[in-house]
1. Compute the angle between helix B:109-130 and the longest alpha-carbon principal axis of chain B, please, reported from 0 to 90 degrees and rounded to the nearest 10.
2. Cβ under 15 Å from A:PHE70's Cβ, A:PHE70 left aside: what net charge do those residues give with Lys, Arg +1 and Asp, Glu -1?
3. Other chains near B:101-108: what is the mean number of their Cβ atoms within 10 Å of each residue's Cβ?
4. Could you please tell me the mean projected area of the C-alpha convex hull for chain A, averaged over all directions and given in square nanometres to one decimal?
5. Kirkwood Rh, Cα Rg: Rg to Rh for region B:157-247?
6. Mind listing P(r) for region B:55-184? All alpha-carbon pairs, 10 Å bins, whole percents.
7. For helix B:191-213, what angle does its Cα long axis make with the longest principal axis of chain B, in degrees from 0 to 90 and rounded to 10?
8. Can you give me the distance in nm between label points at A:VAL208 and B:TYR97, each placed 7 Å from the Cα along the Cα-to-Cβ direction?
Amino acid sequence: MLALSVAITVPLLLLILLVDNPQTRFLLLFFVWGAIAGFLASEINTELLFMFRLSTRDLQIQFAPIVEEFLKALPLFAVAIAARRYLARHEFILAAIFVGFGFSLVENFSFLIRAQDLATIELTQYVITRSVSTTIMHGTATGVIGVTLYHLYNGTLDEFGFWPLFVVYGYCLAVLLHALFNLIVLFEVFGRPVAIASGLVSYLVLWVFLRRYRQLTRTQPDLRAAVPPEKS
Amino acid sequence: MIREHPLQSVSLAVFACAIIAAIGVGGVLLTDTFSGTTLFSEVFLDLHYLLMNGFFMLAVSLLFVGYYHYQRLVLLVAGLALSGWTLAHVYWTLYVYLASVPITYPSVAELGFQAFYLLILPTLLYLHRHAEIRLRRSLVPIIIAGPVLLAVATIGQPIPIGRFVYSLWYVTLAGASLAIATNLLLSHRFRGIAIGVALFAISDITYTTIAIITPQLTVEFLDPVWYVSATLIAASLLRYEQEGWLR
């Protein structure tokens, strides 16, 4: 897993240094973190398996989502604490999705390496299924946390207050979506079609939401600028 | 004359259906108790969970559609609150059916169950601020009562510390929601959502206490209370919007 993570992150890091566009660099950085988080999650999950004598099933459908969503969300929380200005733009949500995709890339390759015994057609089906379903699920789950932080910063939920409760809610929802997906996929009674369908539906939802955010940004370029100075 | 939006009629119909379903479940459970039969577990269990999850999804959908139509944020936040609990219960139900064993307590589903209270608390406090209702300090004992009840019930029981601490936290969240809902009730404002949240919280506190001191992890007589409360919360909020109380 470490070799895989390094094989993905090093070229991307070198690429980031060559890229001029700050937005592209921002997104690629989050993608790189996703790849690193994939390795870290694998190590932590293996430790949990042995430390608490968990079954593989319990790890996959209960504990792994908690660990993985937390690791993926770390840069989002870091930005929310130390560099809040980046929360003002909808690209922050895209960055959250990039973390999930980066994570899934490492995870998919690690599963691919372990599935070497499958015949070519089965392997292709397996890869396509994971690429469509798991990748989008990871992006959506982290995207939920990104959307929560974006709206909190941009004042959408100001009249409710209690920011920390919304942040915790976003994390809980991300974990639950992930756990539910793993549960459905693990028990293959209706696993694969539902996994692919949920992936495609999630992707459509992401696409519609991001389009909407882009339109809103064109009409209100900086939502925070509309807030009176004394509220900022 | 304000024309009633179909959404309010639909939400009331869903609430009415939830009550009818609850009466049905109650009747079957009572029949089983007094006659010693196992009609509920052998015949109606699948239908019961299908209905329960269905009512929750309907309540959530009504609130989301209400937000889309009225652009009232409180409807979205309440819908998100119920979504957390609904997702958790769907997970819980699927686990039981697919794994053929009850899920442990606590489990990852608890994140969804507590997510309901994480958003319903700001929702209730928003209603308080909106209607300029003062919070009574005398209701603080309600928040404390849940954890105290739990602590007393677990005296002498060999309970893992993690399970006990989590249960205390959850019961405190539910107790806080119960206290704030009671405040609304005593102020004679927003009574529908107050009753809904209060019943929800009481059911959760009861379930948590049972789950921690007994091996019982399914408590069928509480299930109808949850889905009737959820549909009541949705119907109430939509009615308040229709009446203009949320503007």
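What follows draws every value from the coordinates through simple rules; no lab data is involved. Being a predicted model, the structure only gives us computed values, none of them experimental. All Cβ positions, even for glycine, are placed from backbone atoms using ideal geometry, and neighbour counts span all protein chains on display.
1. Taking the Cα atoms of chain B, the angle to B:109-130 is about 30 degrees.
2. Once all neighbours under 15 Å are counted, the net charge is -3.
3. 3
4. Averaged projected hull area, Cα only: 14.5 nm².
5. 1.08
6. 12, 32, 34, 18, 4, 0
7. 10 degrees
8. 2.5 nm
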